[in-house]
1. Considering only helices (runs of 4 or more DSSP H) fully contained in the stretch 10-105, which possess at least 3 residues that are in contact (Cβ under 8 Å) with a residue 24 or more places away in the chain?
2. Taking ASP361 as meeting all but one of (1) part of a helix (DSSP H, G or I); (2) loosely packed, with under 13 Cβ neighbours inside 10 Å; (3) among the charged types (D, E, K, R), write down the number of the exception.
3. Checking ARG348 against (1) in contact (Cβ under 8 Å) with a residue 40 or more places away in the chain; (2) within 25 Å of GLU249 (Cβ to Cβ); (3) surrounded by fewer than 19 Cβ atoms within 10 Å (Cβ to Cβ); (4) touching a Lys or Arg at 6+ places or on another chain (Cβ under 8 Å): exactly one of these is not met. Which one?
4. Could you check the stretch 625-653 and list, in sequence order, the residues that are within 42 Å of the chain's Cα centre (by Cα) and assigned to a loop (DSSP other than H, G, I, E, B)?
5. When both residues are 6+ apart or on different chains and their Cβ atoms are under 6 Å apart, which pairs have a first residue that lies in the stretch 510-527 and is under 14 Å from TYR471 (Cβ atoms), and a second that is β-branched (Val, Ile, Thr) and not in a helix (DSSP H, G or I)?
6. Of (1) under 30 Å from GLN358 (Cβ atoms); (2) out of contact with any Ser or Thr (no Cβ under 9 Å at 6 or more places or on another chain); (3) at pLDDT 95 or above; (4) of a type outside the set (Asp, Glu), VAL585 satisfies all except one. Which?
7. Exactly one of these conditions fails for ILE99: (1) surrounded by 15 or more Cβ atoms within 10 Å (Cβ to Cβ); (2) under 19 Å from GLU35 (Cβ atoms); (3) modelled with pLDDT under 85; (4) of a type outside the set (Asp, Glu). Give me its number.
8. Taking the condition without any contact (Cβ under 8 Å) to a residue 60 or more places away in the chain and among the basic types (Lys, Arg), does ARG686 pass?
Amino acid sequence: MPSNQFLYPRFEELTNLIKTIRNAMKIRDMSKCLEEFEQLCRAFLKSKTIVDKEGVPPFYIRLLADLEDYLNQLWEDKEGKKKMNKNNAKALSTLRQKIRKYNRDYETEITSYKEVRLFTTTQNGRFLRRCLKIKKNVHITLTNKERTYDLHLKNLDIHYERHTSEKKKEDRKKRHRRKERLEEEAEEEAQEEGEGEWEKVKGGVPLVKGNLKMFAKGTEINTTVVVKKLNEILQARGKKGTDRAAQIELLHALANISNENNLGEGILVKIKFNIIASLYDYNPNLAAFMKADMWKTCLDCIDELLDILFNNNNIFIGENIAEDSENLAITDSQPFRVRGCILTLVERMDEEFTKIMQNTDPHSQEYVDNLKDEGRVCGIIDRLLGYLETKGSTEEVCRVYLRRIMHTYYKFDYKAHRRALGLQGETKSEQDAEESEGEDSAFIMDRLCKFIYAKDRTDRIRTCAILCHIYHHALHSRWYQARDLMLMSHLQDNIQHADPPVQILYNRTMVQLGICAFRQGMIKDAHNALLDIQSSGRAKELLGQGLLMRNMQERNAEQEKIEKRRQVPFHMHINLELLECVYLVSAMLLEIPYMAAHEFDARRRMISKQFHHQLRVGERQPLLGPPESMREHVVAASKSMKMGDWRTCHSFIINEKMNSKVWDLFPETQCVREMLVRKIQEESLRTYLFTYSSVYDSISMETLNEMFELELPTVHSIISKMIINEELMASLDQPTQTVVMHRTEPTSLQNMALQLAEKLGGLVENNERIFDLKQGVYGGYFNREAYFCIFYHVVFDSTI
């Protein structure tokens, strides 16, 4: 007997997979069966063109039937199921459900195959097999215990075939002729009744296993009929075989019919709600984003829905309106009542816009084109905001306010920035022109956020509003307002209990706060704000701007999808190179003077581990050439500052390359550069005094003024603060304007002796603590203290 592969060479891939499945069935390997069955289904879809021409191959039907029977038999065998391992038992359950659903599409073919299989196993099987071999035309009647069968065998092959190709062609011709005849009859009837010409409808997948007609001929179109048809269309939603695009077209057609028959705005609003919901459900996968045509249609539908609501004050919508209590018909006394929530639709629209931006290449023109839709999205949110301010609840107003805030907080507004700085020289006409343009973003943020602070009852919305408000203050250099709002909110105490999107927003806010402090020249505050983010080494991940490759192995595919949905769109990103540069420069201005002041201090602690790591990397370089990257520039500048050479340090920090990479990205680049020059001069002066104070008996402040190009009052102020804080052991001689060194600092040898004494003291203390555990508490404590003091003074005095 020839093999399936020989009879059906076009289905070679299918036959090989079926052979593998049957081998797995013999050894009861359910995991293998499940895996191969899924590959078989995909391979069958690839062969769809051949299947449409020649029909479903009989060996494929035979496998589906045999596999379903086999799985049912295993499922009923409880003893056999107990002996299975966990993976096989789980695969059995999954495969059983899949095969039951899959076989529904081939019920007729599987039933016919089982009947033929039943006949061949009865007492007349020998006669049937002989007829099949000689390919006779036979009509027989068979009887068994269950029922009587009439079977007509006509030129059957050894494999059962449902239809021949000739019969299929003949059936297609009949259907085509029947369809043409029906269309001609319908066209003649329409012309007789004066209803105009019929329009051909595009073919496609039926909604649910059959064609869904809109309305029968002669039906009176009223609200009840339209609602019934609407429910009929919606019943197909989510079912297998439903053509979602066709469903949306039907809903649009139903809305047009409602308009043509003047059924009122109530039923139109209900249809619009369902059209928008169907557009959102077009992609069943949550991670998928809407295509361009669907997105434009969605925006148009929402605009049309808002137009209807604004133009008709007698329409009341709400989630709490039950379907039984809806009023969709036109009445003079009662207003329209429709079940639905316009706020939920707009929130989902905003989320879809975010998904579109997340899934678009940020360096393409398509991203720019999609970003242009944000103006329309904000316009829809503004319209909804105006509608809910009059007809919405306080909770709904807070929710839509937050949506508006989320589209405003990260954008730099030059008009608001100028007003905050109080720029002089503006004429009255310019100010009047600005006021006529409307409120700037600072007024909008202040008004929306304060309403949420006062009215909102949920912690999440209030938290997001506070963080956005702080971010906006910091972005526009309002440092003190941003800092005070952060301290008063106490968000840093319990932010770890918030959900991940809120934590990402908090991290973004802290980073922007640190950058704002840096622009204002508050280096220590800037360093403290950026420390947690930069010291983790995961700034990209913590800010929601991407996933780290080294952590990919720690998360599965589902976790990766969830984290990608949390990513911030590219146009909201914070420049990571700018962030790192601000942090490293702040650490340099703090760490270099501290290192010079505590050069021989054994208890010296690092202010910034990341900065020290960059210094160590620079020291390990075998060849030191001109700096190329931003990090190399900061390391080279640090070495120059350590020597007190502020000019070289300045040239490494501020140059053409660093300007293009970092400093030109700030809104007021010249102010930032001037601040940096001043800070470098001041900290270089402090470092110089710490490093070389032991060399001088006295030094003139005029000399320091010339060396560091600082004004004399500034030099005087810096040295005075160092003396007051006991950082520099010196005094100021006012008549001569000199700094007199006291030389009370220990020498290097004395510093080393002090370190040795401290280490020995720690060793003695540890030994005595162990001794106390054995001999009792306070054993010889005071004697040990006296001994240690004597030892300390002997060592110290011997070095003098």
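1. Details: elements: 12-26, 30-46, 48-54, 58-76, 78-83, 86-102.
Those helices (runs of 4 or more DSSP H) span 12-26, 30-46, 48-54, 58-76, 86-102.
2. (1) is the only condition that ASP361 fails.
3. (4)
4. Step one: list which residues in the stretch 625-653 are within 42 Å of the chain's Cα centre (by Cα), which gives 625-639, 649-653.
Once the filter is applied, which keeps residues that are within 42 Å of the chain's Cα centre (by Cα) and assigned to a loop (DSSP other than H, G, I, E, B), the stretch 625-653 yields GLY625, PRO626, PRO627, GLU628, SER629.
5. VAL511/ILE574
6. (1)
7. Single failed check for ILE99: (3).
8. Numbers: without any contact (Cβ under 8 Å) to a residue 60 or more places away in the chain: no; among the basic types (Lys, Arg): yes.
So ARG686 does not fit the description; no.
The values are calculated or read from the model by the stated rules, or taken from the named source; none is laboratory data. Computed from a predicted structure; not experimentally measured. Cβ sites come from the backbone with ideal geometry, for glycine too, and all protein chains shown count toward neighbours.
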